[in-house]
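Trainee: Here it is, the structure in full.
The values are calculated or read from the model by the stated rules, or taken from the named source; none is laboratory data. No experiment lies behind these values; they were computed from the predicted model shown. Cβ placement follows ideal geometry from the backbone for every residue including glycine, while neighbour counts extend to all protein chains displayed. When the accessible area is computed, the model is the full protein with side chains, heavy atoms only, and any ligands, DNA or RNA have been set aside. Shrake-Rupley method; radii C 1.70, N 1.55, O 1.52, S 1.80 Å.
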Amino acid sequence: MDLGIKGKTALVCAASKGLGKGCAMSLAREGVNVVITARGREALEATAEEIRKATGAKVTAVAGDITTPEGRAAALKACPQTDILVNNAGGPPPGDFRNWRRDDWIKALDGNMLTPIELIKSVIDGMIERRFGRIVNITSGAVKMPIPELGMSNGARTGLTGFVAGLSRSVAQHNVTINNLLPGPFDTDRLRSNMAFNAKKAGKTPEEFAKSRMEANPSKRFGTVEEFGDACAFLCGAPAGYIVGQNLLLDGGAFPGTF
Ligand code: NAP
């Protein structure tokens with residue numbers, strides 16, 4: 001299928017590895033010029049080179065913390081015409097809410113709610129004028145099925161989801177879509193570090209814990225970043241223009257509901 005986005009420009013946040021990298025790679029394969037960000041410059045430059053080599057696309061790397069005004073300004077400067085925005089950042093740490101202070105919560109809200117909203121604010125009017133825009137927020141399956149130890153993630157991402165539900169309906173008439181991708185367990189460093197936390201709590205090794213989690217998933221495995229990236233590229237494509245304000249769960253069937 002031709003996604004019809006060759007030559008468009010995408011800003012893919014938090015993309016030196018994991019799900020963001022998967023999205024940048026899949027978009028680049030479709031001929032999209034990508035601007036990728038992450039805090040660690042070395043890994044980011046290496047990823048940019050890997051995507052260039054694999055796809056021949058134009059890839060610009062902007063090192064910086066996307067949850068800060070300076071990080072966002074630098075990313076947007078490198079991407080003056082953003083046709084596609086993939087919002088992503090690290091997730092808040094696990095823990096017991098009794099230990100979280102106001103500053104911890106503010107950090108979580110900045111990372112997983114207010115940063116995507118700020119970036120949407122910066123790019124959406126240009127998208128409306130050009131009558132094309134695709135925004136995908138990487139949130140979490142926790143929006144549908146909360147993960148007890150990731151309380152700050154549950155809270156901040158659900159706030160973003162509520163906001164997007166309203167905004168997406170008000171811009172759809174301009175061929176600007178906003179949707180959320182909800183990852184279940186994908187094989188990334190983030191998943192491995194969360195599993196290490198839970199394995200310790202359960203008195204298991206990380207390997208034992210990972211095996212039992214895979215066994216409990218209807219697909220009997222974790223998702224791959226390539227699968228995630230391709231789903232993202234599809235949502236960013238021209239043929240996906242009627243998909244508006246949706247929360248697409250990619251979890252191998254882990255959520256047990258009918259809808
Ligand atoms: P990952 O493999 O740890 O990769 C995170 C990427 O984000 C890295 O490139 C990292 O690079 C970058 N990053 C982190 N904080 C950043 C910041 N403040 N500014 C710019 N870049 C930043 O994580 P992942 O598994 O891909 O997860 C991506 C998101 O999906 C997270 O919010 C995570 O909570 C969520 N999620 C993941 C899963 C899963 O199973 N993997 C499930 C549900 C939700 P630097 O560290 O160099 O900045």
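Trainee: Using mean Cβ contacts within 10 Å as the protection proxy, how do 133-144, 186-197, 34-45 order, highest first? List each step's numbers first, then the result.
Mentor: Values: 133-144: 24.3, 186-197: 16.2, 34-45: 20.7.
Packing proxy ranking, top to bottom: 133-144, 34-45, 186-197.
Trainee: OK, next. Could you go through region 96-109 in sequence order and give the Karplus-derived ³J(HN,Hα) for each residue, using 6.51 cos²θ - 1.76 cosθ + 1.60 with θ = phi - 60°, rounded to whole Hz, and x for Gly and Pro?
Mentor: Per-residue couplings from phi come out as 9, 4, 5, 8, 8, 9, 3, 4, 5, 5, 4, 4, 5, 5 Hz.
Trainee: Using the Karplus curve 6.51 cos²θ - 1.76 cosθ + 1.60 with θ = phi - 60°, what ³J(HN,Hα) values do you get for each residue of region 142-158, in whole Hz, with x for Gly and Pro?
Mentor: 5, 5, 9, 9, x, 9, x, 7, 10, x, 5, 5, 3, x, 5, 6, 5
Trainee: Taking only Cα atoms, what is the 0 to 90° angle, nearest 10, from helix 225-236's long axis to the longest principal axis of the chain?
Mentor: The angle comes out at about 40 degrees.
Trainee: For region 176-193, what does the Karplus curve 6.51 cos²θ - 1.76 cosθ + 1.60, with θ = phi - 60°, yield as ³J(HN,Hα) per residue in whole Hz, taken in order and with x for Gly and Pro?
Mentor: 10, 10, 10, 9, 10, 9, 10, x, x, x, 10, 6, 9, 4, 4, 4, 5, 6
Trainee: Expressed as a rounded percentage, what relative contact order does region 134-259 have, with Cα pairs under 8 Å and six or more residues apart? Write down the numbers at each step before the final one.
Mentor: Numbers: 156 pairs, mean separation 46.1, N = 126.
Relative CO of region 134-259 lands at 37 percent.
Trainee: Something else about it: Separation of region 20-81 and region 171-248 by C-alpha centroid, Å?
Mentor: Cα centres, region 20-81 to region 171-248: 20 Å.
Trainee: Just order 108-115, 78-85 by mean Cβ neighbour count inside 10 Å, highest at the front, would you?
Mentor: Numbers: 108-115: 21.9, 78-85: 20.2.
In decreasing order of mean packing, 108-115, 78-85 become 108-115, 78-85.
Trainee: For region 160-259, what Kirkwood radius comes out of the mean inverse Cα-Cα distance, in Å? List each step's numbers first, then the result.
Mentor: Working: mean 1/r = 0.0647 Å⁻¹.
Result for region 160-259, one decimal place: 15.4 Å.
Trainee: Could you work out the relative contact order of region 123-199, using alpha carbon pairs under 8 angstrom and six or more residues apart, expressed as a whole percent?
Mentor: Values: 69 pairs, mean separation 33.7, N = 77.
Worked out over region 123-199, it gives 44 percent.
Trainee: List the residues whose amide H sits under 5 Å from the amide H of A14, counting only those 5 or more places along or on another chain, with H placed 1.01 Å from N in the peptide plane.
Mentor: T37, A38
Trainee: Pairs of Cα atoms under 8 Å, at least six residues apart: use those to get the relative contact order of the chain, whole percent. Could the numbers behind the result be given before it?
Mentor: Working: 495 pairs, mean separation 55.9, N = 259.
Averaging sequence separation for qualifying contacts and normalising by length gives 22 percent for the chain.
Trainee: Looking at region 1-87, I'd like the Rg to Rh ratio, where Rg is from alpha-carbon atoms and Rh is Kirkwood's inverse mean 1/r.
Mentor: 0.94
Trainee: Could you work out the Kirkwood radius for the chain, taking every pair of different alpha carbons, averaging 1/r and inverting it, reported in Å? Before the final figure, lay out each step's value.
Mentor: Numbers: mean 1/r = 0.0541 Å⁻¹.
After inverting the pairwise mean of 1/r, the radius is 18.5 Å.
Trainee: Further, regarding this structure: Which Cys in the chain stand alone, with every other cysteine's Cβ at 4.7 Å or more from theirs?
Mentor: For the chain, the answer is C13, C79, C236, because their Cβ atoms have no other cysteine Cβ under 4.7 Å.
Trainee: Shifting gears a bit: Can you tell me the order of 247-256, 118-127 when each peptide is scored by its average per-residue count of other Cβ atoms within 10 angstrom, highest first?
Mentor: Details: 247-256: 15.9, 118-127: 18.1.
Output ranking for 247-256, 118-127: 118-127, 247-256.
Trainee: When the distances between all Cα atoms of region 109-198 are binned every 5 Å from zero, what whole-number percent does each bin get?
Mentor: So the P(r) values, bin by bin, are 3, 13, 22, 22, 16, 11, 7, 4, 1, 0.
Trainee: Moving to a separate point now. How about K58: which lysines have a C-alpha closer than 29 Å to its C-alpha, ignoring those fewer than 8 places off in the same chain?
Mentor: Counting by Cα, and skipping residues close in sequence, K58 has these lysines nearby: K6, K8, K17, K21, K77, K121.
Trainee: What are the residues whose amide H is under 5 Å from the amide H of F186, where those residues sit 5 or more places off or on another chain and H is modelled from the backbone?
Mentor: G223
Trainee: With a 1.4 Å probe and every protein chain kept in, tell me what percent of the accessible surface of the chain is carbon plus sulfur.
Mentor: Values: 6940 of 12710 Å².
Carbon and sulfur: 55 percent of the exposed surface of the chain.
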